[in-house]
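Engineer: One structure, pasted below without further comment.
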Amino acid sequence: MHNEPDFTLLDNPAWHALNSVQRHLAGKSGNAARYFPEVVPFAALAQPDAASGKELNELLTAGESFFLIGSLPPLQDNWEVRKELVCLQMVSESPLDAPDPSFSIQQLTPEDAGEMYALVQLVQPGYFMPETYRMGRYTGIRQNGQLVAIAGERMRLNGLSELSAICTHPDFTGRGYAGQLIAGLVNRQREEGITPFLHVAGHNTGAIRLYEKLGFRTRREISFHLLFKK
């Protein structure tokens, strides 16, 4: 049975993930939290206020870049906004057709971490770190032993799980690999009573079309702000 999730948690997904399912990956100070830097460069605040920003500043080191998702607090004097990426936050609320059995989908393990990191850095650099694989389950497709497509779970909250690192090597696009991997993850999550969601850059029209074809709907726009601590 699939329970109705609390979608309001997705207005501040990193905060709620770091205070629930992924608290073991968190550094915390009062109303501020962050993932360990080797896992993912995401930080979060309970509320976007100056006091929480000051607490977060204590968790960061000089020269470090990090992302805040959603509304920005008043900036600390030693913070600099480097980029804003406006994303669509999309959710899936129905099962998908089962993956084509002719595709050999593998469950990836920590032993595959180096290959996963190299593939994501090739296709979507900046959001995946050497130990991002610790955030959830990752699946992949290989051709002649080479990892050519992956998809996995990133931020995980109570009843909600983000799909991320959905990428295919440029030499192997157009074969339906991404859709197969997404379907496998979505259906497994729904069997566990979890609702999948994802974030996609608003300008990435090709990916948005794929997700809409797979039944995802846009819940809201949300910004990923890349900041730098001087």
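FYI, it's all coordinate maths here, none of it is from the lab. Only a predicted model underlies this, so the values are computations on that prediction, with no experimental measurement involved. With ideal geometry, Cβ positions are generated from the backbone for all residues, glycine too; neighbour counts draw on all protein chains shown.
Engineer: To the nearest 10 degrees, how steeply does helix 50-59 sit against the main Cα axis of the chain, on a 0 to 90 scale?
Structural biologist: 70
Engineer: Averaging sequence separations of C-alpha pairs under 8 Å and six or more residues apart, then dividing by the length of the chain, give the relative contact order as a whole percent.
Structural biologist: Working: 463 pairs, mean separation 68.7, N = 230.
For the chain, the relative contact order is 30 percent.
Engineer: How far, in nm, would the chain grow between Q106 and R188 when pulled straight, counting 0.36 nm per residue and subtracting the alpha carbon separation? Write down the numbers at each step before the final one.
Structural biologist: Details: separation 82, 0.36 × 82 = 29.52 nm, distance 1.38 nm.
The Q106-R188 span can extend by a further 28.1 nm.
Engineer: I need the phi-derived Karplus couplings for the range 175-191: 6.51 cos²θ - 1.76 cosθ + 1.60, θ = phi - 60°, integer Hz, Gly and Pro marked x.
Structural biologist: In residue order, the calculated couplings are 9, x, 4, 4, x, 5, 5, 4, 4, x, 5, 4, 5, 5, 4, 5, 4 Hz.
Engineer: Another one. Can you check what the Kirkwood hydrodynamic radius comes to for the chain, Cα pairs only, in Å to one decimal? The partial results should precede the final answer.
Structural biologist: Values: mean 1/r = 0.0552 Å⁻¹.
With all distinct Cα pairs of the chain included, I get 18.1 Å.
Engineer: Follow-up. Taking 0.36 nm per residue of separation and subtracting the Cα-Cα distance, what length does fully extending Q143 through R209 add? List each step's numbers first, then the result.
Structural biologist: Numbers: separation 66, 0.36 × 66 = 23.76 nm, distance 2.58 nm.
This chain segment gains 21.2 nm when fully extended.
Engineer: Going by average Cβ neighbours within 10 Å, how do the peptides 118-124, 195-201 rank, with the highest at the top?
Structural biologist: Details: 118-124: 16.1, 195-201: 21.1.
Top of the packing list down: 195-201, 118-124.
Engineer: Now, a different point. Tell me, what is the FRET efficiency for A50 and A113 to the nearest 0.05, using R0 = 41 angstrom and their Cβ-Cβ distance as r?
Structural biologist: On the way: r = 38 Å, r/R0 = 0.92.
It comes out at approximately 0.60.
Engineer: What ranking do E192, E111, E212, E55 get, fewest neighbouring Cβ atoms within 10 angstrom at the top?
Structural biologist: Values: E192 10, E111 7, E212 13, E55 17.
Lowest count first: E111, E192, E212, E55.
Engineer: Could you work out how far apart the two model spin labels at D97 and H24 are, taking each label as a point 7 Å from the Cα in the direction of the beta carbon, and quote it in nm?
Structural biologist: 3.7
Engineer: Translational diffusion coefficient, Stokes-Einstein: compute it for the range 8-86 using the Kirkwood radius over C-alpha pairs as Rh, at 37 °C and 0.692 mPa s, and state it as an integer in µm² s⁻¹.
Structural biologist: Details: Rh = 12.6 Å.
For the chosen part, D equals 261 µm²/s.
Engineer: Moving on to the next point. Just to be sure I understand: of the beta bridges DSSP finds with both ends in the chain, what percent are antiparallel, rounded to 5? It would help to have the intermediate numbers written out before the result.
Structural biologist: On the way: 45 of 51 bridges.
In the chain, approximately 90 percent of DSSP beta bridges are antiparallel ones.
Engineer: Oh, and also: Relative to the Cα centre, what is the charge dipole magnitude of the chain, using +1 at the beta carbon of each Lys and Arg, -1 at the beta carbon of each Asp and Glu, and rounding to the nearest 20 debye?
Structural biologist: Values: 21 positive and 25 negative charges, 29 e Å.
The dipole of the chain has a size of about 140 debye.
Engineer: In whole Å, how far is the Cα centre of the range 115-172 from that of the range 11-27?
Structural biologist: 20
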